[in-house]
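The values are calculated or read from the model by the stated rules, or taken from the named source; none is laboratory data. Treat the numbers as computed from the prediction; the structure is a model and nothing was measured. Every residue, glycine as well, gets a Cβ built from its backbone with ideal geometry; the counts of neighbours run over all protein chains shown.
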Amino acid sequence: MSMLIPDPLEPFLIFHPWLLNLAFACGARFREFAVTTFFFEVFLIEQDLIQAPYRLNFLGILSTENGTPATIGFFSKEKTPFIAFVLGGPGSGKGTQCAKIAEAFGFTHLSAGDLLRKEISSNSENGAMILATITEGKIVPSGVTIKLIRREMESIENNKFLIDGFPRSEENRIAFERITGVEPNIVLFFDCPEDEMVKRVLGRKQGRVDDNIDTIKKRLKVFAALNLPVINHYTRRGKVYKINAVGTIDEVFEKVRQVFDDCKQMIK
Ligand SMILES: Nc1ncnc2c1ncn2[C@@H]1O[C@H](COP(=O)(O)OP(=O)(O)OP(=O)(O)O)[C@@H](O)[C@H]1O
Ligand SMILES: Nc1ccn([C@H]2C[C@H](O)[C@@H](COP(=O)(O)O)O2)c(=O)n1
């Protein structure tokens, strides 16, 4: 485990211009993160795509329950897990395929959406904010989501994780990589036409607050604006396996199986 001294200050930089000035005095690496995050955040709030008050929640990432500073880069070299991010629009079939991958290849399936919904039903301090955000089809502050993912990863012995529905935005991605110190090994992208996604979501009938036509339209807009840039980033990094999500569940899984068979050498 490593501790990088300046990181605990990062969340403050986002909100306090005078601390931004301090960052400039502290070195290039710190400065780059602070400036990028600041301008990106302003853009997202202006576009009404994220919750404005997330800055305060972002503090949650860097504090731990016992009050000691959080460790940045929380995987030891010996225990760096194999991570597959699973992305795609709402209803593209991420959750369905993750369940099959987990069973066939021994992965632990962590769904960011499920973890957030669990927070709502457990009446946690962030429950009301998460419910309002999901109902609006927007993205929950990274700090909140990463804390939940991190908690699960730390409590599970398995070393192979499917992280479903995360990162949803460049801000999610940058925060995750900064905090964990790792990138995903691969990224699955389920490519599905919008009309098929709408049909699947409306047919899901699981009582989700966001499975209605108004929220779906917003989620599709958020997906195009915020999630596609993440997919483009990892495409440039040579990590994306794009899967045509049209077809029966088993037909799609055959394409997925091929990806994991091809990656067997990388998966310990
Ligand atoms: N290939 C498929 N063909 C038809 N229906 C499918 C297919 N894959 C999944 N479904 C159905 O579509 C609905 C949405 O699937 P799923 O929940 O897996 O999508 P998702 O990408 O995880 O969605 P979300 O991001 O909204 O959680 C479910 O009812 C599921 O049974
Ligand atoms: N990284 C994430 C993942 C999910 N959410 C919120 C917003 C989504 O519309 C909702 C449902 O997620 P899904 O089950 O479709 O993966 O959860 C988020 O804010 N950030």
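Values as computed for the structure displayed
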quantity	calculated
Of all residues making up region 175-216, the number that are more than 25 Å from ILE120 (Cβ to Cβ), within 15 Å of ligand 2 (Cβ to nearest atom) and modelled with pLDDT under 95	1
Test: residue in region 175-190 that is away from ligand 1 (no atom under 16 Å from the Cβ) and touching a Cys at 6+ places or on another chain (Cβ under 7 Å)	yes
Residue check for ALA104: away from ligand 2 (no atom under 13 Å from the Cβ), at negative phi, surrounded by fewer than 21 Cβ atoms within 10 Å (Cβ to Cβ) and modelled with pLDDT of 95 or more	yes
Residue in region 232-241 that is hydrophobic (A, V, I, L, M, F, W, C), surrounded by fewer than 16 Cβ atoms within 10 Å (Cβ to Cβ) and either modelled with pLDDT of 95 or more or part of a loop (DSSP other than H, G, I, E, B) (or both) present	no
Only listed residue being more than 28 Å from MET153 (Cβ to Cβ), under 20 Å from the mean Cα position of the chain (by Cα) and assigned to a helix (DSSP H, G or I), chosen from LYS199, LYS218	LYS218
Check on ILE139, modelled with pLDDT of 95 or more, farther than 30 Å from GLN258 by Cα and touching a strand residue (DSSP E or B) at 6+ places or on another chain (Cβ under 8 Å)	yes
Members of region 239-268 found to be in contact (Cβ under 8 Å) with a residue 60 or more places away in the chain and within 10 Å of ligand 1 (Cβ to nearest atom), listed by number	ALA245, ILE249, VAL252, PHE253
Where GLY238 falls short, out of the listed (1) small (Gly, Ala, Ser); (2) within 15 Å of ligand 2 (Cβ to nearest atom); (3) under 24 Å from VAL256 (Cβ atoms)	(2)
Set VAL187, VAL198, VAL182: member being within 20 Å of LYS255 (Cα to Cα) and assigned by TED's automatic domain parsing to the domain that holds PHE105	VAL187
Every residue from region 150-174 that is away from ligand 2 (no atom under 14 Å from the Cβ) and surrounded by fewer than 22 Cβ atoms within 10 Å (Cβ to Cβ)	ARG151, MET153, GLU154, SER155, ILE156, GLU157, ASN158, ASN159, LYS160
Considering residues of region 127-171 that are over 17 Å from the mean Cα position of the chain (by Cα) and in a loop (DSSP other than H, G, I, E, B) only, the residue nearest to ligand 1 (Cβ to nearest atom)	GLU136
